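Written below as C-alpha cells is the structure these notes are about.
The values are calculated or read from the model by the stated rules, or taken from the named source; none is laboratory data. All figures in this text were calculated on a predicted structure; none of them were measured in a lab. A quick note on method: Cβ atoms are made from the backbone with ideal geometry, for glycine too, and the neighbour counts reach across all protein chains shown.
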Amino acid sequence: MVGPGRDALRGRLAVGIANPPEQFARALSRALENDHRPIVHRGAGLDAKTFRIVGRVTPSIAMHYLIRIELGQPRFGALRSER
C-alpha cells in the first residue's frame with residue numbers, strides 16, 4: 001500500500017494492538033502492590049513486552065525506526081519546510 005493511507009494505517013495498527021486502558025490500570029496497580037524493589041521494568045501489555053524483548057537484541061537505531069513505523073510518525077525532517 002502506497003500513499004497517504006499507509007501512515008494512517010500504521011497509527012491504527014498500533015492502537016489496535018494496544019491493550020484497553022482498564023487492562024493497563026489493572027497491570028499498573030498489580031505492579032505497584034507486588035513490587036518491592038526500587039526500580040522494576042515491566043511491560044503492561046503484549047506490545048510493550050514484545051518491544052522490551054526485541055529491544056535487547058536489536059540496535060537502538062533499528063528500535064527507534066520500528067517504533068516510529070508502528071506509531072505512524074513521520075520520518076525525521078519530514079515536517080520541516082524547504083528553505
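Tabulated data
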| item | result |
| --- | --- |
| Looking only at segment 39-60, and only at residues there that are assigned to a loop (DSSP other than H, G, I, E, B) and either β-branched (Val, Ile, Thr) or at pLDDT below 70 (or both), the one that is nearest to residue 71 (Cα to Cα) | 58 |
| Every pair of residues 6+ apart whose Cβ atoms lie under 8 Å, when the first sits in segment 40-53 and is surrounded by 13 or more Cβ atoms within 10 Å (Cβ to Cβ) while the second is of a type in the set (Val, Ile, Thr) | 43/50; 47/17; 51/67 |
| Total residues in segment 1-38, condition surrounded by fewer than 10 Cβ atoms within 10 Å (Cβ to Cβ) and either aromatic (Phe, Trp, Tyr) or modelled with pLDDT of 75 or more (or both) | 9 |
